[in-house]
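The values are calculated or read from the model by the stated rules, or taken from the named source; none is laboratory data. The structure presented is a predicted model; accordingly, all values stated were derived computationally and were not measured. Every residue, glycine among them, receives a Cβ derived from its backbone with ideal geometry; neighbour counts consider all protein chains shown.
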Amino acid sequence: MANALKYGTTLRNNMLDEIELRANAGTGAPKLQIFAHTTTPNVTAADGGTKLSEITLPANFLTAAAGGTVSKTGTWSDASATASGNFKYFRIKTSGAGTGGNTTVVQGTAGLNTGTFDLEFDSASVTAGQTVTVSTFVITGGNGD
């Protein structure tokens, strides 16, 4: 089956803005987790591999969608990585217990800032205890009109 659907900019913007709404559905701040493992098959699968870092995100961690694109706001940083390894994939999750707590909202690839990964850093790896700072995160939604 072909999938050549095109979405209007307003619909694309609404879908992208929903990411932040879903991530804020838990009882605490949303979190970004970065792993040293090939990505899991989908967002409902269990975490795979070693968790290198966890960053608590602010409630408004993405720009308002415009032109079918969102990007990170502010500094996304962890002062002390929990483990050593190469960045492979990330998950943005809700936080807290109860309905919606610790639910993966979005996942994607992570790696060196070369324009080829969904979430990018200034290095390809981290050592335990080292500061982790996300340099680039941009999502372009769907197929534009």
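Residues checked against (1) of a type in the set (A, V, I, L, M); (2) touching a Lys or Arg at 6+ places or on another chain (Cβ under 8 Å):
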| residue | (1), (2) |
| --- | --- |
| 9 | no, no |
| 21 | yes, no |
| 44 | no, no |
| 47 | no, yes |
| 77 | no, no |
| 87 | no, no |
| 108 | no, no |
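Has region 79-100 got at least one residue that is farther than 19 Å from residue 14 by Cα, hydrophobic (A, V, I, L, M, F, W, C), at pLDDT below 90 and surrounded by fewer than 14 Cβ atoms within 10 Å (Cβ to Cβ)? Yes, that holds for at least one residue.
Condition first: small (Gly, Ala, Ser) and over 16 Å from residue 49 (Cβ atoms). Now tell me which residues in region 101-129 satisfy that.
Taking region 101-129 and keeping what is small (Gly, Ala, Ser), we get 101, 108, 110-111, 115, 123-125, 128-129.
Hits for region 101-129 are 101, 115, 123, 129.
Looking only at region 1-49, residues that are under 17 Å from residue 68 (Cβ atoms) and touching a strand residue (DSSP E or B) at 6+ places or on another chain (Cβ under 8 Å) come to 10 in all.
For (1) over 18 Å from residue 23 (Cβ atoms); (2) in contact (Cβ under 8 Å) with a residue 12 or more places away in the chain, each residue gets a yes or a no:
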site	(1), (2)
53	no, yes
72	no, yes
79	yes, yes
83	yes, yes
91	no, yes
108	no, yes
114	yes, no
133	yes, yes
137	no, yes
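Within this structure, residue 105 passes the test of being under 15 Å from the mean Cα position of the chain (by Cα), of a type in the set (A, V, I, L, M) and within 15 Å of residue 30 (Cα to Cα).
Only one of the numbered conditions (1) within 30 Å of residue 9 (Cα to Cα); (2) touching a Ser or Thr at 6+ places or on another chain (Cβ under 9 Å) is violated by residue 106, and that is (2).
Picking from 80, 135, 95, 123, which residue would you name as being among the small types (Gly, Ala, Ser) and part of a strand (DSSP E or B)? Let's see the steps before the verdict.
Details: 80 fails: part of a strand (DSSP E or B); 95 fails: part of a strand (DSSP E or B); 123 fails: part of a strand (DSSP E or B).
That would be 135, the only listed residue that is among the small types (Gly, Ala, Ser) and part of a strand (DSSP E or B).
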